[in-house]
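S.K.: Supplied in structure tokens, the structure appears directly below.
The values are calculated or read from the model by the stated rules, or taken from the named source; none is laboratory data. Since this is a predicted model, take the numbers as computed values, not measurements. Cβ sites come from the backbone with ideal geometry, for glycine too, and all protein chains shown count toward neighbours. Note: areas computed on protein heavy atoms with side chains; ligands, DNA, RNA excluded. Shrake-Rupley method; radii C 1.70, N 1.55, O 1.52, S 1.80 Å.
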Amino acid sequence: FQPDFAGISVLTMARVSTYKAINLIKKINPKVKIILGGMHASLMYKQLLENFPIEAICVGESEESLPELLNGIIKRKNLGKIKGIAFKKNNEIIYTGLRKINMDLNKYPLPNLDQFMNKDHKVLRILSSRGCPNKCSFCCLDSVSRRIWRPRDYKKVVDEIEQAIKKYPWIETIEFNDDTVTLDNNRMINLCKEIVKRGIKKEITCQGRIKPVSKEMFEWMEKAGVVQLAFGIETGSAKLLDSIHKGITKKDCVETFNLLKGHKIKAIKLLIVGLPGENEETVNETISFMKYLNKIIPTDFFTATPLIVYPGTEVYEIAKQKGFIDDSFWLTHKQCPLYTAEHSEEWLRKMANKMALECALAQGKIYFLRRAIEKIVSNPKYYLKRIKQGL
């Protein structure tokens, strides 16, 4: 196999694998032209072009720019006329600027999943929309989606589900990977109605925002088979919620959980420990608030994640201002760093474990012991270490 091009989608957490892949490809065949895309490449295109033997980078979504780029390289056209790419010419980095964002996702064909859906894969992962209208301080999505949410036609989404189930009958769960699948309540209701209408009976998991929500939407989500809905609450501190531009309040959280109460949908609370301005007082606020929400809807075994720093985020800019990190870090082979500009990694992990243990214990010792045993059996080394860190 002697390809003319090799394309790699780069995520920040997987950037080191990309660096190794680039070197390996060039070692095997120096003539192969490498093109990068994805979130990390879109944000750090200048650094990557300056330091690696790559032909070009697609910045942002690339369904339209990639075919034009390939055609331009093959036919030796002027790449500077192609919007949404970056390349190197005569040792100069040329960025052609943002491409107009595509609002019509329905024109793209359904994905070919044959390379992924072998019989060991029981989960169908699907995107029914792209983007998010918000700009949370720890998230870099707006750099590509530009705070524009674009849904696919709900009937085409169900077409994709139906075709996949027919082709891969071993599928047990449908997982919506949208950043916020519930943003348009009416569309979500119609999508669920279509799933029910076609007799699709699979467990469904997804992630949504605390608002907007409605009782009717939750009712139809349950009928369609939704068993788990994750909410990015992040913190129980009103001050921190405001500072990270989350666009929700503690009151919103309470109202949503009261609407969801009585349904069989499991509510997952996603939390971040160590946001700028975090201290033991705000950690205790979060624990107190999670315990309150648990009285409305009991949660699963509780987890909280220390804040990770990603390029293209407000948190990254704050970290740079504090002298904690600079762009050169992303050329190292180190893991993505935790935000330790204000607290040590040890403190962050200790507070994360404190949240997890206190909130789980609040649901009763029997519940805690049962769930702790289940978790420890599933991964003894990891969970015993976590419990030890929390003591």
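S.K.: For the range 229-246, which residues satisfy the criterion of being modelled with pLDDT of 95 or more, open to solvent by 10 Å² or more (accessible area, probe 1.4 Å) and not charged (D, E, K, R)?
M.R.: Ala238, Ser243, His245 - these are the residues of the range 229-246 that are modelled with pLDDT of 95 or more, open to solvent by 10 Å² or more (accessible area, probe 1.4 Å) and not charged (D, E, K, R).
S.K.: Would you point out which residue out of Ile272, Ile308, Ile265, Ile318 is aliphatic (A, V, I, L, M) and buried (at least 22 other Cβ atoms within 10 Å of the Cβ)? Walk me through how you get there before you give the answer.
M.R.: Numbers: Ile308 fails: buried (at least 22 other Cβ atoms within 10 Å of the Cβ); Ile265 fails: buried (at least 22 other Cβ atoms within 10 Å of the Cβ); Ile318 fails: buried (at least 22 other Cβ atoms within 10 Å of the Cβ).
Sole residue among the options that is aliphatic (A, V, I, L, M) and buried (at least 22 other Cβ atoms within 10 Å of the Cβ): Ile272.
S.K.: Would you call Lys89 open to solvent by 80 Å² or more (accessible area, probe 1.4 Å), more than 30 Å from Cys192 (Cβ to Cβ) and touching a Ser or Thr at 6+ places or on another chain (Cβ under 7 Å)? Before the answer, list the steps.
M.R.: Values: open to solvent by 80 Å² or more (accessible area, probe 1.4 Å): yes; more than 30 Å from Cys192 (Cβ to Cβ): yes; touching a Ser or Thr at 6+ places or on another chain (Cβ under 7 Å): no.
Considered against the rule, which asks whether it is open to solvent by 80 Å² or more (accessible area, probe 1.4 Å), more than 30 Å from Cys192 (Cβ to Cβ) and touching a Ser or Thr at 6+ places or on another chain (Cβ under 7 Å), Lys89 comes out as no.
S.K.: Moving to a separate point now. So which residues in the range 105-135 are assigned to a loop (DSSP other than H, G, I, E, B) and basic (Lys, Arg), if there are any at all? So that I can check it myself, show each step before the final result.
M.R.: Taking the range 105-135 first, the residues assigned to a loop (DSSP other than H, G, I, E, B) are 108-122, 127-128, 131-135.
Passing the criteria: Lys119, Lys122, Lys135.
S.K.: Moving to a separate point now. Being in contact with a strand residue (DSSP E or B) (Cβ under 6 Å, 6 or more places away or on another chain), without any contact (Cβ under 8 Å) to a residue 40 or more places away in the chain and in a helix (DSSP H, G or I): is that true of Ala6 here? Show your work before the answer.
M.R.: Details: in contact with a strand residue (DSSP E or B) (Cβ under 6 Å, 6 or more places away or on another chain): yes; without any contact (Cβ under 8 Å) to a residue 40 or more places away in the chain: yes; in a helix (DSSP H, G or I): no.
Here the answer is no, as Ala6 does not meet what is asked.
S.K.: Output the qualifying pairs, or none if there are none: Cβ atoms under 7 angstrom, residues six or more apart or on different chains, first residue in the range 202-216 and under 14 Å from Asn186 (Cα atoms), second residue open to solvent by 30 Å² or more (accessible area, probe 1.4 Å).
M.R.: Val213/Leu259; Lys215/Leu259
S.K.: Separate question: Please pick out the residue among Ile57, Ile28, Ile74 that is at pLDDT 95 or above and touching a strand residue (DSSP E or B) at 6+ places or on another chain (Cβ under 7 Å).
M.R.: Values: Ile28 fails: touching a strand residue (DSSP E or B) at 6+ places or on another chain (Cβ under 7 Å); Ile74 fails: touching a strand residue (DSSP E or B) at 6+ places or on another chain (Cβ under 7 Å).
Sole residue among the options that is at pLDDT 95 or above and touching a strand residue (DSSP E or B) at 6+ places or on another chain (Cβ under 7 Å): Ile57.
S.K.: Quick one: would you say Lys251 is within 30 Å of Asp114 (Cα to Cα), exposed (fewer than 14 other Cβ atoms within 10 Å of the Cβ) and either free of Cβ contacts under 8 Å to residues at least 12 places away in the same chain or aliphatic (A, V, I, L, M) (or both)? Walk me through how you get there before you give the answer.
M.R.: Working: within 30 Å of Asp114 (Cα to Cα): no; exposed (fewer than 14 other Cβ atoms within 10 Å of the Cβ): yes; either free of Cβ contacts under 8 Å to residues at least 12 places away in the same chain or aliphatic (A, V, I, L, M) (or both): yes.
The answer is no for Lys251.
S.K.: Which residue out of Ala267, Ala352 is in a strand (DSSP E or B) and under 22 Å from Cys136 (Cα atoms)?
M.R.: Numbers: Ala352 fails: in a strand (DSSP E or B).
After applying the criteria, what remains is Ala267.
S.K.: Suppose we keep only residues that are charged (D, E, K, R) and touching a residue at least 12 places away in the same chain (Cβ under 8 Å) within the range 64-86. Which one would you say is most open to solvent (accessible area, probe 1.4 Å)? I'd like the intermediate steps shown before the answer.
M.R.: Within the range 64-86, the first condition is being charged (D, E, K, R), and the residues that meet it are 64, 68, 75-77, 81, 83.
Now narrow it down to the ones that are touching a residue at least 12 places away in the same chain (Cβ under 8 Å): 64, 68, 81, 83.
On the way: Glu64: 66, Glu68: 78, Lys81: 169, Lys83: 103 Å².
Only one residue fits best here, namely Lys81.
S.K.: Give Pro133, Pro67, Pro151, Pro111 a once-over and let me know the one that is within 23 Å of the chain's Cα centre (by Cα) and modelled with pLDDT of 95 or more. Please lay out each step first, then the result.
M.R.: Working: Pro133 fails: modelled with pLDDT of 95 or more; Pro67 fails: within 23 Å of the chain's Cα centre (by Cα); Pro111 fails: modelled with pLDDT of 95 or more.
Only one candidate qualifies: Pro151.
S.K.: Inside the range 88-98, can you point out the residues that are hydrophobic (A, V, I, L, M, F, W, C) and either closer than 14 Å to Gly60 by Cα or at pLDDT below 95 (or both)?
M.R.: Filtering the range 88-98 down to residues hydrophobic (A, V, I, L, M, F, W, C) leaves 93-94, 98.
The answer is Leu98, and nothing else.
S.K.: State yes or no: is Phe138 in a loop (DSSP other than H, G, I, E, B) and either at pLDDT 95 or above or within 23 Å of Tyr316 (Cα to Cα) (or both)? Spell out the reasoning first.
M.R.: Values: in a loop (DSSP other than H, G, I, E, B): yes; either at pLDDT 95 or above or within 23 Å of Tyr316 (Cα to Cα) (or both): yes.
Spelling it out, Phe138 is indeed in a loop (DSSP other than H, G, I, E, B) and either at pLDDT 95 or above or within 23 Å of Tyr316 (Cα to Cα) (or both).
S.K.: Shifting gears a bit: Looking at the structure I just gave you, is Thr286 in a loop (DSSP other than H, G, I, E, B) and open to solvent by less than 70 Å² (accessible area, probe 1.4 Å)? Give the derivation first.
M.R.: Values: in a loop (DSSP other than H, G, I, E, B): no; open to solvent by less than 70 Å² (accessible area, probe 1.4 Å): yes.
Answer is no for this residue.
S.K.: Test each condition in (1) of a type outside the set (Lys, Arg); (2) outside any helix (DSSP H, G or I); (3) exposed (fewer than 15 other Cβ atoms within 10 Å of the Cβ) for Glu216 and report the one that comes out false.
M.R.: If we test Glu216 against (1) of a type outside the set (Lys, Arg); (2) outside any helix (DSSP H, G or I); (3) exposed (fewer than 15 other Cβ atoms within 10 Å of the Cβ), just (2) comes out false.
S.K.: Considering only the range 145-162, I want to know if a residue exists there that is surrounded by 18 or more Cβ atoms within 10 Å (Cβ to Cβ), touching an Asp or Glu at 6+ places or on another chain (Cβ under 7 Å), touching a residue at least 12 places away in the same chain (Cβ under 8 Å) and closer than 29 Å to Thr282 by Cβ.
M.R.: No; the residues of the range 145-162 include none that is surrounded by 18 or more Cβ atoms within 10 Å (Cβ to Cβ), touching an Asp or Glu at 6+ places or on another chain (Cβ under 7 Å), touching a residue at least 12 places away in the same chain (Cβ under 8 Å) and closer than 29 Å to Thr282 by Cβ.
S.K.: Here are some conditions: (1) closer than 30 Å to Lys155 by Cα; (2) modelled with pLDDT of 95 or more; (3) surrounded by 12 or more Cβ atoms within 10 Å (Cβ to Cβ). Ile101 meets all but one. Which one does it not meet?
M.R.: Every listed condition holds for Ile101 apart from (2).
S.K.: If we scan the range 116-124, do we find a residue that is surrounded by 13 or more Cβ atoms within 10 Å (Cβ to Cβ) and of a type in the set (S, T, N, Q)?
M.R.: No.
S.K.: How about the range 191-208: which of its residues are open to solvent by less than 60 Å² (accessible area, probe 1.4 Å) and modelled with pLDDT of 95 or more?
M.R.: Step one: list which residues in the range 191-208 are open to solvent by less than 60 Å² (accessible area, probe 1.4 Å), which gives 191-192, 194-195, 199-200, 202, 204-206, 208.
Leu191, Cys192, Glu194, Ile195, Gly199, Ile200, Lys202, Ile204, Thr205, Cys206, listed by residue number.
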